[in-house]
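Remarks on the structure that follows.
The values are calculated or read from the model by the stated rules, or taken from the named source; none is laboratory data. All values derive from a computational prediction rather than experimental measurement. As a convention, Cβ positions derive from the backbone with ideal geometry for all residues, glycine included, and neighbour counts pool all protein chains shown. Only protein heavy atoms, including side chains, enter the accessible area calculation; ligands, DNA and RNA are left aside. Shrake-Rupley method; radii C 1.70, N 1.55, O 1.52, S 1.80 Å.
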Amino acid sequence: MSGLCFDDVSYRYPGAQEPALRGVSLAVAPGEFCVVAGASASGKSTLLRAACGLVPHFHGGEFAGRVTVGGLDTRSHGPERLGAVVGTLLQDPETQVVMGSVRAELAFPLQNRGQAPNAVARGVEEVALALGIGSLLDRRIDELSGGELQRVALGAALGGRPTVVVLDEPTSQLDPVAGDELLSLLRRLNEEWETTVLLIEHRLERCLAAADRVVAMGDGTVVFDGLPADFQSWAGRSAPALQTPAAALTEALGLRPPPTGVKQARALLRAHHLLDAAGPKPTPSLASPTAFGVRARVRARRRSPPSEVALKMRGLWYEIADGPAILRGLDLELAAGERVALLGRNGAGKSTLLRLARGLVEPTRGRVQAPGHVALLMQNPGDYFLHERVADEAPPGALARGGLDGLQDRHPRDLSGGQRQRLALAIVTGDPLSSPAATVVALDEPTRGMDRSDKGLLADHLRALAGAGCAVIVATHDPEFAAAFAARALIMAEGRLVADGPVRELLSGGWYFATETARVLGGAGGALTPEDGAQLLRAGRTVQAAS
């Protein structure tokens, strides 16, 4: 039996007042592709940790009930034995890698299973080919970007062809193409090898089309279990924050049933004569002077007086010794109070740019000028934790703004992924609204582990920082989040800035660097959010009636 079964499972982390799981009973059949949804701290990651034996063997705490995976009872088999049947990718891939090079990392689990050298070599090549990381095989682990590291950690998990795969936000640090390719690979493993897949994801628009089933968690219990289409309807009634943007768009227009993807959303809009074969009806643009009172267009590159410049980069190069050039003659200027989203494919140089801004590394050539302090939150929030209590990590005001009240006595590493991200941000920024400590706040993929509500709170927080005079720059693969907080967008490719303009311009009309609403509407009117899209389509209905 290669499935996964939870039988009345309850679990409480050490020091926690409330259980993370409460009487969970759930059976995932062999060969089933199951997506797990839910708000931050709803129990999703704990469910996954129980599936692979990390709960309770690694985390300790109080455990009741029974979990079997691949026919093995996790109470009587430790993670090392369970690893032969269940491949695991956690939210923090940097905590999973143990070797110095990519090739050695991919080979390690195969060698541990006693496979012959030829079988190990074949397995490494196959997983590198499947995940598009062949060019990384001879790279050092510490030279990889976050997205590259995530694919390597996934390759190590999949290399031994486990019968069950459990993954915690595997696309969170991947660019749109790499994310799509990963989900296609998981679906292929599921269909051709009958691999059981349990996938946790906050950006459900990326994965619902691949799922056989959706399980939603809330307060440590299963609150929904059914088909993806039924999940969208349930979420609209009971948990709107879990709906995908396309479903939220049609829900705002009163159209049902809610779609599970872009194609279904377009078909639903066409059926109600809101979208024709060429796209949405002609309507005023959200970026035009006459539409909803929004100003026409922001200049593509803001030029600020020298007194307002918070960060300036000129002719910036960064090269790895005996390796590639990561940045190539890059020029960038940020003004005080700007809100900037930094996008680009994995390995484009986004993280390196932020590290140079903070002064963690020195450029090979060129100059970085930052008159004030640059606060940087890197991809792994665990790097910032020094204490055993949340209360000891950051000022009370910063914890309160991060929504961390009530968690002061918890161990930082026992928090959910979204809570860890918010704690790390509180540590980095301190209490900047009362006494600004940084003139630039730089965040590298800060939404990993965050649900839509948490992302909304983070967007509000970043706008407040900008309002207090900080320049905010965020490297992200999440266009929905970029649309929520940023006014300006940058796109990087091969160490250079290839696009720089208003976020409404750059995130509408594209294939990959676009929100789901923009993809549904084909970029019409610069609509980026479900609210934008509904407003645009209502205006179109009015325009047609008057014509």
Modelling each spin label as a point 7 Å along the Cα-to-Cβ direction, I'd like the Asp276/Glu194 distance in nm, to one decimal. 5.1 nm
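Give me the percent of DSSP beta bridges within the chain that run antiparallel, rounded to the nearest 5.
Details: 39 of 75 bridges.
In the chain, approximately 50 percent of DSSP beta bridges are antiparallel ones.
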Pop the C-beta distance of Leu360 and Thr95 into the FRET formula with R0 = 25 Å and round what comes out to the nearest 0.05. 0.80
In the chain, carbon and sulfur make up what percent of the accessible area (probe 1.4 Å)? 51 percent
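At a Förster radius of 25 Å, what calculated FRET efficiency corresponds to the Cβ-Cβ distance of Gln408 and Glu62, to the nearest 0.05? Working shown, then result.
Values: r = 21 Å, r/R0 = 0.84.
After rounding, the FRET efficiency stands at 0.75.
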So what are the three principal axis dimensions of the stretch 148-263 from its Cα atoms, in whole Å, longest to shortest? 47, 30, 27
Hydrodynamic radius of the stretch 376-472 per Kirkwood, over alpha carbon pairs, in Å: 13.2 Å
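I'd like to compare 487-494, 522-529: which one has the highest average count of other Cβ atoms within 10 Å, and what's the full order after that? The partial results should precede the final answer.
Numbers: 487-494: 20.2, 522-529: 22.9.
Sorting 487-494, 522-529 by mean packing, highest first, produces 522-529, 487-494.
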Pseudo-spin-label distance Ala27 to Glu80, built 7 Å along Cα→Cβ, given in nm, is 3.3 nm
Let me confirm the definition first: pairs of Lys residues in the chain, 8 or more apart or on different chains, C-alpha distance under 21 Å. How many are there? 4
Extension reserve of the Ala209-Ala321 stretch, reckoned as 0.36 nm per residue once the Cα distance is removed: 36.0 nm
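With a Förster radius of 22 Å, plug the Cβ-Cβ distance of Arg140 and Arg314 into 1/(1 + (r/R0)^6) and report the FRET value to the nearest 0.05.
Working: r = 29 Å, r/R0 = 1.32.
Using R0 = 22 Å, I get an efficiency of 0.15.
Which value, in Å³ per residue, describes the convex hull spanned by the Cα atoms of the chain?
Details: hull volume 79.9 nm³, N = 547.
Per residue, the Cα convex hull of the chain comes to 146 Å³.
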Please turn the phi angles of the stretch 460-470 into ³J(HN,Hα) values with the Karplus equation 6.51 cos²θ - 1.76 cosθ + 1.60 (θ = phi - 60°), one per residue in order, whole Hz, x for glycine and proline. 4, 5, 5, 5, 5, 4, 5, x, 7, x, 6
